[in-house]
Amino acid sequence: MTLKPQLSLRDATLLVVASVVGSGIFFAPASVAALLPHPVWFLLAWLCGGLLSVAGACANAELGAMYPRAGGDYVYLKEAFHPLAGFLVGWFTFFAIFTGTLATLGVALAESLTVFFPLSDQGKLLGAIGFVALTSGINYIGLRWGTVLNNLGSYAKIAALCAFALCGPLFGQGSVEHWQVSEGAAESLSLPNFALALSPILFTYLGWNAPVYVAGEIRCAQRTLPASLFRGLGICTGLYLIVNGVYLYALSPYELGAQTNTGATAARALFGHEIGTVVGMFTFVSILGTLNATILVGPRIAYAMALDRLFFGGAERVHARYATPHRAILIQALVAVLLILGYGNFARVLDYTVFGILLATMADTLALFTLRWRKPGLSRPYRAWGYPMVPAVYLMANLMLAWMMVRERPQECAASLGLLALGLPFYLMFVSNQQRD
């Protein structure tokens, strides 16, 4: 039994929204404002981040339409380079990026409950495991149930951010004077600062490629997948620009740059301290939606690798009743729980995965160039807009961010490469098993 196409254009578009809009919009603006204390350049940087993500989406849209199968990067790199390249990126994406993100979100979700009632460290630990188990169970019993939760969460995010953007200027205690350029703001602008500001912004946009991993379950994927990437990113970019505009109405750029939790501080400045519970509730809903989207997407990587017998046996099986990759879902949940138990109370599990995400997205773009050269006759239902310049710009932007991470976080980057290399003996084991059989 194989996975069945069930997702519509709306479902795939909202999967992008659920994957992208998490906690980043509450925290990243402070770092950006500290580097760019100029209201126009501050917003321009957010727009630039959205456009760069769209440039990456152009590459993934062509690849996804060419290979509308589950697995995402694993499939593209296998077809463009070698099964080893696909395996290593698929290995890292599943075991580090998705399970690490899953554990991080589970812990963050449990932490967010402390706004409503106190929790002990053990309570937070059990809460994190419980949320991972609950959402995994929902996705186990059917893609439709996971999609319903994902869509409801995405609609809640969009509605809450739009309400914040509308009520802030109408009823909040902000000021349009914050939009005026203060003395010294123009002098602080520089190309290096703008480049550094793009780093947290692009990290906030990560997750826009979620539909490519479930391409095999999207109806009319060759047409629907590209449209979902662009529509989802359009919604996210619009929300980010509007919300950051309200942040500037609530706080001056210098005040914005001095905060940690920008969303909570701006909400208190606009509406008073009583708003804390409302912000906490939205934070909870936002993280829950991203957690569910991560659980929905990740198992499809293990499933695709297992179909090629490059993963542990059984992950390729599809439940006869629920039509889900149930064993891959269970494997992902188990690894995430082990990470939670192993790391306990931590703010961010496996922070080094960000570097791995950059490597994976760069590999995707290189796969596009390679397939255009090696297999020019393949059917391409969608061709990347602006090729080769637009994908090249996205590749260079990610190279810049990767280099910055190597300089600023060498240990995390080394850990990423180490985990990537750890997949090599497993690849040799799986290939050896194939040859024996």
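Overview of values
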{"item": "Cα centroid separation, the stretch 233-293 to the stretch 373-437 (Å)", "result": "33"}
{"item": "Cα-based helix-to-principal-axis angle, 99-112 vs the chain, degrees rounded to 10", "result": "40"}
{"item": "The chain: calculated mean residue ellipticity at 222 nm from DSSP helix runs of at least 4, using -39500 (n - 2.57)", "result": "-24000 deg cm²/dmol"}
{"item": "Gap separating the Cα centres of the stretch 25-52 and the stretch 300-341, nearest whole Å", "result": "38"}
{"item": "Per-peptide average of other Cβ atoms within 10 Å, ordering 192-201, 402-411 highest first", "result": "192-201, 402-411"}
{"item": "Residues of type lysines that K78 reaches as a straight line, Cα spacing below 22 Å, ignoring anything fewer than 8 places off in the same chain", "result": "K375"}
{"item": "Tilt relative to the chain, helix 276-297 - C-alpha long axis, 0 to 90 degrees, to 10", "result": "20"}
{"item": "Distance in nm between pseudo-label sites at Q173 and L330 (7 Å out along the Cβ direction from Cα)", "result": "5.6"}
{"item": "Mean Cα-pair separation over length for the chain, i.e. relative contact order, pairs under 8 Å, 6 or more apart, %", "result": "36"}
{"item": "Cβ-based net charge around C58, under 15 Å, with every Lys or Arg adding one and every Asp or Glu removing one", "result": "+2"}
{"item": "The chain: C-alpha gyration tensor shape, a/c 1.5 cut-off, then a/b vs b/c", "result": "prolate"}
{"item": "C-alpha long axis of helix 410-436 to longest principal axis of the chain, angle in °", "result": "20"}
{"item": "Among 39-52, 19-32, the order from most to least packed when residues are scored by Cβ within 10 Å on average", "result": "19-32, 39-52"}
{"item": "Prolate/oblate/rounded call for the stretch 276-333, Cα gyration tensor, a/c under 1.5 rounded", "result": "prolate"}
{"item": "Cβ-defined net charge surrounding A18, 15 Å radius [Lys, Arg +1; Asp, Glu -1]", "result": "+2"}
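Every number here is computed from the coordinates shown, using simple stated rules; none is lab data. In this text the structure is predicted, and so the values were computed from the model without any measurement. As a convention, Cβ positions derive from the backbone with ideal geometry for all residues, glycine included, and neighbour counts pool all protein chains shown.
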